[in-house]
Amino acid sequence: MRAAVLHGQEPTVVDAPTPLPSRQKLVAHLRGALIRAERGIRLVVVVAARLSTVGNVDGFDMRAVGPKLRSGDFLAMPEEDVVVLVVEGVPKRATQSIEARLSRIVTEVCGQPPIQIATALFPSDATRAERLLSTVLRRLTTEVTE
């Protein structure tokens, strides 16, 4: 928490924004997700969204985002202008609905839709956490979404 001082008033306690997990925590989560997926022969979907404004970290306060996530969702911010949603154990046909859900979350929280969305799947796109993340981030820079 941090104290806020308003002109001439006593400091009041204001809850500081709770930032999204970092790249390091995202990779750690992905490692665990891939281990669980290998055991159960399940799909892991990693969807990344590029934000329309760099530095929207404050807009992605976990208190605002939390109620919009489903059980098992993991949302992180590996780069200043990118959010990533990891979803485990869903059918491949659900990929587009996960992309749409992340787009809705970004739009509701930031007030603007993402400028780009990309997806990577385990095991078809990569079998290691770092490689899966780098694949989806690389696709953000090379793919154009509508």
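Of the residues examined, Val54 is not one that is at pLDDT 85 or above and β-branched (Val, Ile, Thr). Looking across the range 31-50, the residues that are within 11 Å of the chain's Cα centre (by Cα) and either small (Gly, Ala, Ser) or at pLDDT below 90 (or both) come down to Ala48, Ala49.
Checked against (1) touching a residue at least 60 places away in the same chain (Cβ under 8 Å); (2) within 17 Å of Lys25 (Cα to Cα), Glu79 meets all criteria but (1). Among the residues of the range 91-131, those identified as out of contact with any helix residue (DSSP H, G or I) (no Cβ under 6 Å at 6 or more places or on another chain), among the aliphatic types (A, V, I, L, M) and modelled with pLDDT of 95 or more are Ile98, Ala100, Leu102, Leu121. The set of residues in the range 113-138 being in a loop (DSSP other than H, G, I, E, B), within 18 Å of Arg23 (Cβ to Cβ) and aliphatic (A, V, I, L, M) consists of Ala126 alone. If you go through the range 57-73 and pick out every residue that is surrounded by 19 or more Cβ atoms within 10 Å (Cβ to Cβ) and modelled with pLDDT of 75 or more, you end up with 1. The residues of the range 78-100 that are under 10 Å from Val47 (Cα atoms) and either of a type outside the set (A, V, I, L, M, F, W, C) or open to solvent by 50 Å² or more (accessible area, probe 1.4 Å) (or both), listed by number, are Thr95, Gln96, Glu99.
Going residue by residue through the range 110-117, is there one that turns out to be open to solvent by 30 Å² or more (accessible area, probe 1.4 Å), in contact with a Leu (Cβ under 8 Å, 6 or more places away or on another chain) and closer than 17 Å to Leu26 by Cα? Within the range 110-117 (the criterion being open to solvent by 30 Å² or more (accessible area, probe 1.4 Å), in contact with a Leu (Cβ under 8 Å, 6 or more places away or on another chain) and closer than 17 Å to Leu26 by Cα), the answer is no, since none of the residues qualifies.
Out of Ala120, Ala126, one residue alone is touching a residue at least 60 places away in the same chain (Cβ under 8 Å) and aliphatic (A, V, I, L, M). It is Ala120.
The values are calculated or read from the model by the stated rules, or taken from the named source; none is laboratory data. Note that the coordinates shown come from a computational prediction; the quantities given were computed from them, not determined experimentally. All Cβ positions, even for glycine, are placed from backbone atoms using ideal geometry, and neighbour counts span all protein chains on display. Note: accessible area is taken over every heavy atom of the protein model, side chains too, but ligands, DNA and RNA are not part of it. Shrake-Rupley method; radii C 1.70, N 1.55, O 1.52, S 1.80 Å.
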